Structure formats: structure tokens, C-alpha cells
Amino acid sequence: MKQLFAGIWQWSWFSEEKQLDFNGLFLVTPEHRILVDPPPLTEEAKTVIHRYGPVDSLIITNRDHLREAAACRSEFGGCLFFPDPDAAVMELTPDHAYKDGEVLPGGMLVVRLKDQKSPGESALFLQREKGVLIVGDALIGKPAGGVSMLPADKYADAAKAKAGLRRLLQYEFDSLLVGDGASILTGAKPIVRRFLEGVSLWDGTDRPKS
């Protein structure tokens, strides 16, 4: 469990299948205790989360990031928040199906992204300090210090999916916290901009396609 910023922790679980870290976030504000896209919990993560009291919100960014939400809800409590276009196909029933532009607990603004792998794919923008952007499957933190996308066959139209990500550039963020791969704690927006303007999709290897 690593503290990234004041009130934001990240823990990781390594996927042998994907050869990537799956990351979960724990956010603490004066009013809320929030989990985002939780992968399997380490004992250290459990200890830190319990230290700060009951969780009130579990926020899932897309239909494929339900991960350990049921186990976390059993362990810590909390209401489930799912993107409304994905809610009907998820294994659990949400307490709230959120919409584009909605502000969720902790002040996180929902940024719905078009033409992604799942119709509900959403980023969460947190306007604090220099800005924090949280993504599920929209961008992958690979290679470390850079970003890529899922393999092209995951999308109905990979070019449209990439174009849909340009909406992220409307927001001022210095940090990009990813659900898969390595997060970028500073200088993230120029990296995202360069990727969207000039680099094609990741093909599943360590090197982006040119």
C-alpha cells in the first residue's frame, strides 16, 4: 500500500495473465472513505483502510473492473457506484448508477469516454492541487512512464476509441492514476497528449506500435 498524495493510497496485484499490475485506490476526505476499482487486497491494504474507518463508497469505472468489489463491500461496507451504461450487465446491483458529468463522493467528476471497450468507460477527475485523473481501462500505464491502450481487437473501432480519449485533454491534470500498469504521478498530461497525437495502439508487447 503506497501513499501517493495526501489522502490517496494505491495498492497493486500483479496479473500473471496480463503481465501488469492491477491497481486499486483508497481515498480519504473529511467526509468520505472511497475505494476505486479494487483488485485483491493485501493485508497491508486492509490494515490501512480499516485504520481510517468504514468505507462509504466503492466506485467502479467500467464493467470489467468490478474485480473484488463484493469482497471489499463485505469487509468494509460502502455503497456501490457503477457507470449507468454498464450497470445492467454487471454481476452486482449498484446502489447508484452514475452519469456523465456527475460529481461523485470525494468531489470526483465523471468523464464518460465514447467508443471504448465498454459503453460505460469513465474517467474520474479530481480537481485538487495540480489535478488528478483516474482511469480504468481507458489508458494503460505501460511502458512505465508512458501510456498505451488495450490491443486493437478489444474495440469495435480502435481509431474511434483513441479519438474518444481526446476528451481527457480538456482537463488540467498533472497526475494520471491508472487501473492497469504504472501510474504517472507528475507531468502526466503532456505524456497523454503526445500519445494521443502521435502514437498508435499497444499491440500487447512491451513496445508501442509506431
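Things to note:
- Subset of region 60-105 (residues that are hydrophobic (A, V, I, L, M, F, W, C) and either without any contact (Cβ under 8 Å) to a residue 12 or more places away in the chain or in a helix (DSSP H, G or I) (or both)): A69, A70, A71, C72, F76, A87, A88, V89, V103
The rows are residues; the columns are (1) within 23 Å of I184 (Cα to Cα); (2) surrounded by fewer than 17 Cβ atoms within 10 Å (Cβ to Cβ).
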residue	(1), (2)
K2	yes, yes
L25	yes, no
V36	yes, no
L41	yes, no
G53	no, yes
S57	no, no
I60	yes, no
R67	yes, no
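- Where strands (runs of 3 or more DSSP E) fall wholly inside region 116-210, the ranges with 1 or more residues that are farther than 17 Å from I8 by Cβ and at pLDDT 95 or above are 122-126.
- Single residue of region 10-59 satisfying the filter (aromatic (F, W, Y), part of a strand (DSSP E or B) and more than 13 Å from the chain's Cα centre (by Cα)) that is farthest from F125 (Cα to Cα): F14
- When the residues of region 148-183 are filtered to those that are under 19 Å from R67 (Cα atoms), surrounded by 22 or more Cβ atoms within 10 Å (Cβ to Cβ) and aliphatic (A, V, I, L, M), the one that is nearest to the chain's Cα centre (by Cα) is V178.
- Scope region 1-20; condition touching a Phe, Trp or Tyr at 6+ places or on another chain (Cβ under 8 Å) and aliphatic (A, V, I, L, M); matching residues: M1, I8, L20
- Looking only at residues in region 103-131 that are under 21 Å from D21 (Cβ atoms) and within 11 Å of the chain's Cα centre (by Cα), the one that is surrounded by the most Cβ atoms within 10 Å (Cβ to Cβ) is S122.
- Note on region 5-34: residues that are out of contact with any strand residue (DSSP E or B) (no Cβ under 6 Å at 6 or more places or on another chain) and free of Cβ contacts under 8 Å to residues at least 60 places away in the same chain amount to 7.
- Residue match in region 137-147 (condition: charged (D, E, K, R), surrounded by fewer than 20 Cβ atoms within 10 Å (Cβ to Cβ), farther than 15 Å from R63 by Cβ and touching an Asp or Glu at 6+ places or on another chain (Cβ under 8 Å)): no
- Single residue of A138, A123, A144, A156 found to be over 25 Å from F26 (Cα atoms) and among the aliphatic types (A, V, I, L, M): A156
The values are calculated or read from the model by the stated rules, or taken from the named source; none is laboratory data. Everything quoted here is computed from the prediction, not taken from an experiment. As a convention, Cβ positions derive from the backbone with ideal geometry for all residues, glycine included, and neighbour counts pool all protein chains shown.
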